[in-house]
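Take a look at the structure below.
Read-outs throughout are calculated quantities, based only on the coordinates presented, and are distinct from any laboratory measurement. Treat the numbers as computed from the prediction; the structure is a model and nothing was measured. Here the Cβ positions follow ideal geometry from the backbone for every residue, glycine too, while neighbour counts run over all protein chains shown.
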C-alpha cells in the first residue's frame, strides 16, 4: 500500500483516492505517494505529516486543520474542525485552523447554504480525524513492537499501558510511511466518550475580529492594487447609452473609466460604468461626478403597489396554478360552524449584509486570480468561465471570511463584475460596493400576498382551508423562496384543503434569503392557524397537536387527492413524531398555559420544519397602550438530531435567528417604484437595535437519535408567527402585514 502525503505539487505518480461518499457529495481526499519517497521527503525536509487534505501535523507537534467551507459568521470554521479534533484526540487549544482555498478536487463540495455544511460533512469529518489518529497509533505500536490494540491516543500523545508514550510530533516520520487504513479498519470514538463536541468553544476568528485583523474580503490588500466602483442603472436591467468618461478620467486619483456592456442577465454581469482609482475614496468621489444616459428598458413600468392592487382584484379568481386540492374545501366551508377570512402581505426585503459586496481580482499570466467572500464558489467560478470565457483551470479563487451572508453571497454578481473589470486593468483590482449599491442592486427576497379562508366545526376542529398565494418571479419561474409547496403545512393534514398560486413575472432580481420560503410561509400559516384556534375557542397548542395528529410520519404528497398536477412536492417525508415532541418540549420549557397575563401582555407559539430541523418557539410579549412592542421572553425548542457540535455556536445561531427575524418583522421593507428600489441606506431601511432585542432568549436542544443537522436557518421561520400570535393574545390586534409599523397596536 502506498504512503500518504500532501504536497504543493502533485506529480504523475500521485492520484486522488475517493472514499466515504456517505452523507451526500463529499469524499475524503488523499494524495498518495510511494512509501519510500514519502519517508525520504519527511526525513530530509522535516516535513509535516499530512495524510489527507484537512490535517497537518509538524514534527514539532503543531496541528493544523483546514476548514473548507466558506465562513460568514455561522461558525463552521470552528465547528467542523471540532469534529476532526474530537476524533484526532488533540486538545483544542493546541490546534490552528486555516481557511482552505477553493479546490473541490482536494476538499470535496465547498458551498455554504441551506444549512448543509454540518450534515454534509459530519460523518466524513469524524472519519478524517479517526483515520489520522489510527495511523499515529499504528506508528507508535510499530515503534514499540506491540499490537496497536494495546495503545490509546490522548492529548496528542499515544500511550501504552507499560508507561511508554510518544507525542504526535515524534511519530510523524513513521506515520508517513504507513498505508492509509480502509474505512472499515478505523474505529470511531463513541458519543459517550466525546470530550470536545457539545462543549462551548469560542469562534476561532474572534480574537482577530475584535482586534481588527485582516480577515474579510473587504480587508484584502495586494501590492500595486487599484480600486474600483461600478455604477449600474437605477432601474433593474437598464443599459448605458453614454457617459462623461473623458471628464471622469481627469479627476483626482482616477486612473481609468470605461463602460462594460454586460451579458444581459439581471443577476450576472449588468451593464455599467467602471471607475478605477488609486483609492476607494477617490473612486467613490469621482462617481459623484458621473453623468450617464440610461436606456431603462421595460422594467420602469413595474411597481410594487401596482402588483398589490392587481393581487387584491384577482384574489377571488382561480389561481394561476393549483398546487394542491384535497376533498371539497368549498362545501366544507359552507358547512363550517365558523369561518375566518384574512389576507397576509409581506414586502420585498434586502439581505443588508454589514460588509457590503466586494471582490478583488487580478488578471495575470492567463490566470484570473480572485479573492472573494462568496458562499458557493462554483457559482462564481462558473460565471467567470461562462461569461468571460476563462477556462476553469485558469481560475484561482481564494475564500475570504464574509461579513454576513444570509443567502446574498450565493449570488456572484459582484464577483463577475470584479473579474470583468480586472480583465481591462493591468493590476489587482478591488471592487467595493457602497451601501446604496448593496440595497439597490441586491437579489431580494420576493414579497407576497396570501388570501386565506378557513373553517372550524362546532368543536373547533379545522375542517377546511383555502389559500390563494401571489408571488413574484422572473423568466416564468417564482423567485427563490417564492414557490409555495402543496405539501406546506397544513397541507396533507386537512381533509378539505386547497392551495393555489399566481405569479407576477417581473424583471426584478430575486435570490435566496435566510430560510427561503419558510421565512414567510411559517408566519402566514401559523398566524392563520392561530386565528382559527381563537375562532373555535381552542388553545393554540392543543389545536396544533390535534392538527399534527397521531401518525409518526406524513409521506410527501399525502393521501387522498394528493398534490395536483404541476404542484411542487416536498423533498422528504415529514417526521410528525419529532415535531409533536419538540412542540411539547418547547411548551413545557416555556410553561405554556401555566401563567396568567395582564391586559397588554400575552404569549404565542408556532413551529416549523425547515432545512432538516424541527423547531417550536414560544414568545411572551408586552405591548404598551401606545402600541410599543417589547418581547419579554423568547423560548426555543430545537431538534437537530443526536449531537450539538458547538454549544456556544449553536446558541448563537438560534439567538441570532430570533433577533434577525424580529428586526425584519418590525422594520424592513423595500418599495419598488418604476423598476427601481426606493430605499437606499440604513436611514430608510433600518436594522434592529439592541433596545428592541428580547429581554430574555432561552434555547433548549432536544437530543434525538437522528443524524445531526445544521442551524443557520431552521430557527428563524417560527419566530415571527410566535411573536405575532403573542401580540394578539396581549392586545386582540392581529398582525397581517409586515413590517409591524403597518399595524396600529394601540389598545385601551
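Normalised by the number of residues in the chain, the average gap of Cα pairs under 8 Å and 6 or more apart makes the relative contact order 13 percent. Judged by the mean number of other Cβ atoms found within 10 Å, the most tightly packed of the peptides 605-613, 667-675 leads the ranking 605-613, 667-675. Between residue 648 and residue 187, the FRET efficiency estimated from the beta carbon spacing at R0 = 22 angstrom works out to 0.15. When the chain is fully extended, how far beyond the present Cα-Cα distance does residue 281 get from residue 704, taking 0.36 nm per residue of separation? Gain in length upon complete extension: 146.9 nm. Extension gain for the segment residue 394 to residue 435, taken as residue separation times 0.36 nm less the Cα-Cα distance, is 11.6 nm to one decimal. If you take the Cα centroid of region 690-748 and the Cα centroid of region 409-425, the two points sit 38 Å apart.
With 0.36 nm allotted per residue and the present C-alpha distance subtracted, the residue 60-residue 312 stretch has 83.7 nm of extension available. Summarising the label geometry, the points placed 7 Å from Cα in the beta-carbon direction at residue 696 and residue 386 lie 5.1 nm from one another. May I ask you to work out the translational diffusion coefficient for region 602-748 at 4 °C, viscosity 1.567 mPa s, via Stokes-Einstein with Rh from the Kirkwood sum over Cα pairs, reported in whole µm²/s? Using the Kirkwood radius from Cα pairs, D works out to 80 µm²/s.
For region 359-433, a Kirkwood radius taken over Cα pairs fed into Stokes-Einstein (25 °C, viscosity 0.890 mPa s) yields D = 204 µm²/s.
Between the C-alpha center of region 622-646 and that of region 206-258 there is a gap of 40 Å. Return the FRET efficiency for the residue pair residue 624, residue 334: r is the Cβ-Cβ distance, R0 is 41 Å, and the value is rounded to the nearest 0.05. It comes to 0.45.
Order these peptides, 397-403, 350-356, by their mean beta-carbon neighbour count within 10 angstrom, highest first. List each step's numbers first, then the result.
Details: 397-403: 22.6, 350-356: 20.0.
Sorting 397-403, 350-356 by mean packing, highest first, produces 397-403, 350-356.
If R0 is 60 Å, what FRET efficiency do you get for residue 584 and residue 291 from their C-beta distance, rounded to 0.05? So, using R0 = 60 Å, E works out to roughly 0.40.
Packing-based ranking of 311-317, 535-541, 483-489 yields 483-489, 535-541, 311-317, ordered from highest to lowest mean Cβ neighbour count within 10 Å. The DSSP beta bridges internal to the chain are antiparallel in roughly 75% of cases.
In this simple spin-label model, placing a label point 7 Å from the Cα along the Cα-to-Cβ direction at both residue 249 and residue 202 gives a separation of 5.2 nm. Every helix of 4 or more DSSP H residues in the chain counts as -39500 (n - 2.57), and over all residues that averages to -8500 deg cm²/dmol at 222 nm.
Distance between the 7 Å Cα→Cβ label points at residue 458 and residue 547: 2.4 nm. Between the alpha-carbon centres of region 453-468 and region 525-539 there is a gap of 10 Å.
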